[in-house]
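**Student:** Structure in structure tokens, see below.
The values are calculated or read from the model by the stated rules, or taken from the named source; none is laboratory data. As the structure is a prediction and not an experimental result, all values here were calculated from the model. Ideal geometry is used to build each Cβ from the backbone, glycine not excepted, and the neighbour counts take in all protein chains shown.
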Amino acid sequence: MERKLIVDCITFDISKDVINEAMSKGGPFIVKGILQRAGAKNQNGRIYPKEILERESNKYNENFIKERRALGELDHPDSSVVNLKNVSHNVTKVMWDGDDLIGEVEVLPTPSGNILKELFLNNITVGISSRGMGSVKPLGEGTMEVQDDFELLCWDFVSTPSTQGAFMRPTGLSESYVPGTRSFGKYTKVNGLISEIICSQTGICCIR
């Protein structure tokens, strides 16, 4: 079987309590959530056997987390290499809760990290995406099983999770503009927010 880049995502759900705690400590901005699920078919039709994820998470802990280089990007590329100029976070801890692999993630004060932090602070739902190399075996009915040659590379934060129906938002915020008013919905403001962060960090500003 051909070994290729495998990318899968899940919604990174964190509570407001976690955000408030991260802000009140005044130190690194650290969030906690599910990084990956074992034994469950995701929206891409892939299943990760738990023994493979356990092996890879242990290797990742020894080779990357303990050496403080478990870096990831904001919006991953189709590459097996982590691009340092796009790094937004560093995974500081992984642990198992049943079939859920839980992670603690430090959001870094980089340009991409500052964008990620502001998205969290503004209650924007993002996904966490695993990036790895390996092969898959078809099991039928659109299901594929990740094979033993899988190698975990990193986790990235992305806008689109693979978990079906994962995006949740308050009722009434689905429209970008409210007819008959001069107000724009919260989701339209995200683009402006990101532009302001990029401008403050890089000096490159968009004229709107």
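**Student:** Given 105, 94, 126, which one is of a type outside the set (Phe, Trp, Tyr) and in contact with a Gly (Cβ under 7 Å, 6 or more places away or on another chain)?
**Tutor:** Exactly one of 105, 94, 126 is of a type outside the set (Phe, Trp, Tyr) and in contact with a Gly (Cβ under 7 Å, 6 or more places away or on another chain), namely 94.
**Student:** Is it the case, given these coordinates, that residue 57 is touching a strand residue (DSSP E or B) at 6+ places or on another chain (Cβ under 7 Å), without any contact (Cβ under 8 Å) to a residue 40 or more places away in the chain and part of a helix (DSSP H, G or I)?
**Tutor:** The answer is no for residue 57.
**Student:** Within region 92-114, is there a residue that is crowded, with 16+ Cβ neighbours inside 10 Å, farther than 24 Å from residue 44 by Cα, of a type outside the set (D, E, K, R) and over 15 Å from the mean Cα position of the chain (by Cα)?
**Tutor:** yes
**Student:** Got a sec? Which of 135, 79 is in contact with an Asp or Glu (Cβ under 7 Å, 6 or more places away or on another chain) and in contact (Cβ under 8 Å) with a residue 12 or more places away in the chain?
**Tutor:** When all the criteria are applied, what remains is 135.
**Student:** Looking at residue 44, is it at pLDDT below 90 and in contact with a Ser or Thr (Cβ under 7 Å, 6 or more places away or on another chain)?
**Tutor:** Criteria met by residue 44.
**Student:** Those residues that are free of Cβ contacts under 8 Å to residues at least 24 places away in the same chain and farther than 14 Å from residue 32 by Cα, I need them from region 82-107; list them, please.
**Tutor:** Within region 82-107, 83, 84, 85, 98 meet the criteria.
**Student:** Of all residues in region 47-88, which are of a type outside the set (A, V, I, L, M, F, W, C), closer than 17 Å to residue 10 by Cα and surrounded by 18 or more Cβ atoms within 10 Å (Cβ to Cβ)?
**Tutor:** 48, 57, 72, 73, 76, listed by residue number.
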